[in-house]
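The values are calculated or read from the model by the stated rules, or taken from the named source; none is laboratory data. Model, not experiment: these values are computed from the prediction. So basically every Cβ, Gly included, is an ideal-geometry build from the backbone, and we count neighbours across all protein chains shown. Surface accessibility is based on the protein's heavy atoms, side chains included, excluding ligands, DNA and RNA. Shrake-Rupley method; radii C 1.70, N 1.55, O 1.52, S 1.80 Å.
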Amino acid sequence: EVHDFGTFNEGEVMDFEFEFTNTGNEELLIKSVRASCGCTTPFWTKAPIAAGEKGSIKVQYNSKNRPGNFYKTITITSNAGTTNKVLTIKGIAYRDPALEPKMTLERNTFTIGKVELAAGTRYAIEYKNEGKIPLKIVNVQSSCNCFSRAAPYDSIKEGERGTLVLIYKPKELGRFKETIYLSTN
């Protein structure tokens with residue numbers, strides 16, 4: 001019920017076929033097979049499987065632009081006594097660190113200045129992709145939960161520059177020092 005692909009190169013499409021036997025007394029009909037994400041595609045025996053006969057569910061995992069550890073589930077709905085069954089695939093899609101995007105910020109610290117409590121303000125930070133593949137900022141978080149990101153959310157190509165626009169809405173009056181965490185691909 002669990003298959004570990006181990007470690008393989010990011011970008012590869014990995015396949016595994018789960019085989020099963022109908023141990024019941026009636027025909028087994030698989031009604032649906034759903035993967036937990038769009039990177040996993042299931043293929044299955046669609047014809048009824050007679051008692052004592054074998055069937056299979058082939059699972060294909062596409063690791064393109066998905067480096068790192070993964071753990072995906074495939075939910076099977078059938079006419080069996082246990083209507084839902086869950087299969088799992090896992091592994092590590094390895095990407096050479098030299099191929100990763102690399103973000104360089106114009107500066108790591110900045111001063112916003114005076115900000116009205118209700119109105120907030122915007123602050124722009126320039127950055128550059130010095131890596132080998134497109135860079136995308138996936139998420140912006142802050143220790144105060146008072147920073148968010150303004151559009152656009154585009155990725156930038158190797159060697160290009162971009163502008164990250166932050167929206168700061170303080171929750172209290174006073175002088176603050178905040179930490180912002182940027183998540184990228």
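Taking 0.36 nm per intervening residue step and subtracting the Cα-Cα distance, what contour gain separates residue 165 from residue 37 on full extension?
43.1 nm
At what distance in angstrom do the alpha carbon centres of the stretch 78-94 and the stretch 148-183 lie from each other?
Result: 39 Å between the Cα centres.
Hey, if you put +1 on the Cβ of every Lys and Arg and -1 on every Asp and Glu Cβ in the stretch 59-172, which of 119, 75, 142 ends up farthest toward the positive end of that dipole?
Value: 75.
First measure r as the distance between the Cβ atoms of residue 25 and residue 4, then evaluate 1/(1 + (r/R0)^6) with R0 = 25 Å and state the FRET efficiency to the nearest 0.05.
0.15
Ignoring ligands, DNA and RNA, what accessible area per residue does the chain give at 1.4 Å, in Å²?
With the other protein chains kept in place, the chain gives 64 Å² per residue.
Starting from 0.36 nm per residue, how many nanometres of slack lie between residue 145 and residue 185 once their C-alpha separation is accounted for?
12.2 nm
Highest mean first, how do 52-61, 38-47 rank when packing is the count of other Cβ atoms within 10 Å averaged over residues?
Packing proxy ranking, top to bottom: 52-61, 38-47.
Among DSSP bridges having both ends in the chain, what percentage is antiparallel? Round to the nearest 5.
Taking every DSSP beta bridge with both residues in the chain, the antiparallel ones total about 90 percent.
In the set (1) -0.46, -0.75, -1.23; (2) -0.23, -0.54, -1.53; (3) -0.29, -0.64, -1.37, which value of log10 I(q)/I(0) by the Debye sum over Cα atoms at q = 0.08, 0.12, 0.20 Å⁻¹ was calculated from the structure you see?
Recomputing log10 I(q)/I(0) by the Debye sum over Cα atoms at q = 0.08, 0.12, 0.20 Å⁻¹ here gives the entry labelled (1).
How big is the dipole moment of the stretch 3-141 about its Cα centre under a simple scheme where the beta carbon of each Lys and Arg is +1, that of each Asp and Glu is -1, and everything else is neutral? Debye, nearest 20, please.
It works out to roughly 460 debye.
For the stretch 127-138, in order, what is each residue's ³J(HN,Hα) by Karplus, 6.51 cos²θ - 1.76 cosθ + 1.60 with θ = phi - 60°, in whole Hz (x at glycine and Pro)?
Those phi angles translate into 8, 9, 9, 9, x, 9, 10, x, 10, 10, 7, 8 Hz.
Leaving ligands, DNA and RNA out of it, report the carbon-plus-sulfur percent of the accessible area of the chain at a 1.4 Å probe.
Solvent-exposed carbon and sulfur of the chain make up 47 percent of the total.
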